[in-house]
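Trainee: Provided herewith is a single structure, encoded as structure tokens, for subsequent inquiry.
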Amino acid sequence: MLVGALGALGIALGSGSALGNGPAERVTIPVAGDQFVCEDATYTITSGSIQIVEHEGESASGNENFTFTITPRNVVAVDGDGNVVSIRGASWGGGSFNAKQETGVLTFTDKFQIIQQGSGTVDNVNSTFHITFVNGNVKEFDFGTCETPG
């Protein structure tokens with residue numbers, strides 16, 4: 001799911017000033033077959049899609065920025081025992097780059113809840129990655145029980 005989303009993001013960012021400072025772009029991608037691999041279970045998506053909203057901008061001086069948000073739309077999955085779950089949450093990423101100083105920042109977050117009717121949240125994705133291109137500062141946190149689908 002995330003790889004597909006990042007691919008769509010790459011296409012949009014690669015289109016240059018055609019999208020620069022324009023309205024946000026939206027795309028919907030089916031995700032049946034993708035899997036959330038967790039510590040104690042694997043959830044295979046049986047139906048639903050993700051919506052990707054992306055935007056980029058560029059200033060007259062050459063500074064650039066981008067942001068994207070990925071949200072599940074009616075995503076249903078099943079675990080190895082046949083339990084049906086729904087996926088809620090979002091993935092967000094963004095960054096900015098200063099052309100004069102050749103510096104920038106990037107941040108990516110994945111926050112998803114895997115919810116079973118009658119049981120509540122049974123697993124989750126909870127990760128954040130941040131890098132600052134000034135001093136090489138990299139922070140990565142993962143407090144979840146699952147990985148976002150590749």
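Trainee: Whole Å is fine, so just give me how far the alpha carbon centre of the stretch 89-104 lies from that of the stretch 45-78.
Mentor: 15
Trainee: Helix-only mean residue ellipticity at 222 nm, the chain, DSSP H runs n ≥ 4 weighted -39,500 (n - 2.57), per residue, nearest 500. What is it?
Mentor: -2500 deg cm²/dmol
Trainee: Which whole-Hz couplings ³J(HN,Hα) result when phi for each residue of the stretch 65-70 is put into the Karplus expression 6.51 cos²θ - 1.76 cosθ + 1.60, θ = phi - 60°, listed in order with x for Gly and Pro?
Mentor: Those phi angles translate into 8, 8, 8, 8, 9, 10 Hz.
Trainee: At 20 °C and 1.002 mPa s, grab the translational diffusion coefficient of the stretch 75-150 from Stokes-Einstein with a Kirkwood Rh over Cα pairs, rounded to a whole number in µm² per second.
Mentor: Rounded, D is 150 µm²/s.
Trainee: Per residue and in Å³, how big is the convex hull formed by the alpha-carbon atoms of the chain?
Mentor: It is 98 Å³ per residue.
Trainee: Still on this model: Loop-only trypsin sites (Lys or Arg not before Pro) in the stretch 57-127, please: DSSP not H, G, I, E or B, and at most 11 other Cβ atoms within 10 Å.
Mentor: Answer by residue number: 100.
Trainee: With angles folded into 0 to 90 degrees, how steeply does helix 2-14 sit against the dominant principal axis of the chain? Use alpha carbons for both and round to 10.
Mentor: Helix 2-14 sits roughly 20 degrees off the main axis of the chain.
Trainee: I would also like to ask the following. Keeping all protein chains in position, work out how much accessible area residue 110 exposes to a 1.4 Å probe, and write it in Å² to the nearest 10.
Mentor: Probe radius 1.4 Å; accessible area of residue 110 about 20 Å².
Trainee: If each of residue 63 and residue 27 carries a label point 7 Å out from its Cα toward its Cβ, how far apart are those two points in nm?
Mentor: My value for the distance between the label points is 2.8 nm.
Trainee: Along its three principal axes, how long is the stretch 26-82 when you only count alpha carbons? Whole Å, largest extent first please.
Mentor: 56, 23, 12
Trainee: With θ set to phi - 60° and the Karplus curve 6.51 cos²θ - 1.76 cosθ + 1.60, what are the ³J(HN,Hα) couplings of the stretch 110-127 in order, to the nearest whole Hz, using x for Gly and Pro?
Mentor: Each residue's phi maps through the Karplus curve to give 10, 9, 10, 10, 9, 10, 10, 4, x, 10, x, 5, 9, 7, 7, 10, 8, 9 Hz.
Trainee: Using θ = phi - 60° and the Karplus form 6.51 cos²θ - 1.76 cosθ + 1.60, what ³J(HN,Hα) does each residue of the stretch 128-133 get, whole Hz, x for Gly and Pro?
Mentor: The phi angles translate into 9, 10, 9, 9, 10, 8 Hz.
The values are calculated or read from the model by the stated rules, or taken from the named source; none is laboratory data. Note that this is a predicted model, so its numbers are computed, not measured. With ideal geometry, Cβ positions are generated from the backbone for all residues, glycine too; neighbour counts draw on all protein chains shown. Only protein heavy atoms, including side chains, enter the accessible area calculation; ligands, DNA and RNA are left aside. Shrake-Rupley method; radii C 1.70, N 1.55, O 1.52, S 1.80 Å.
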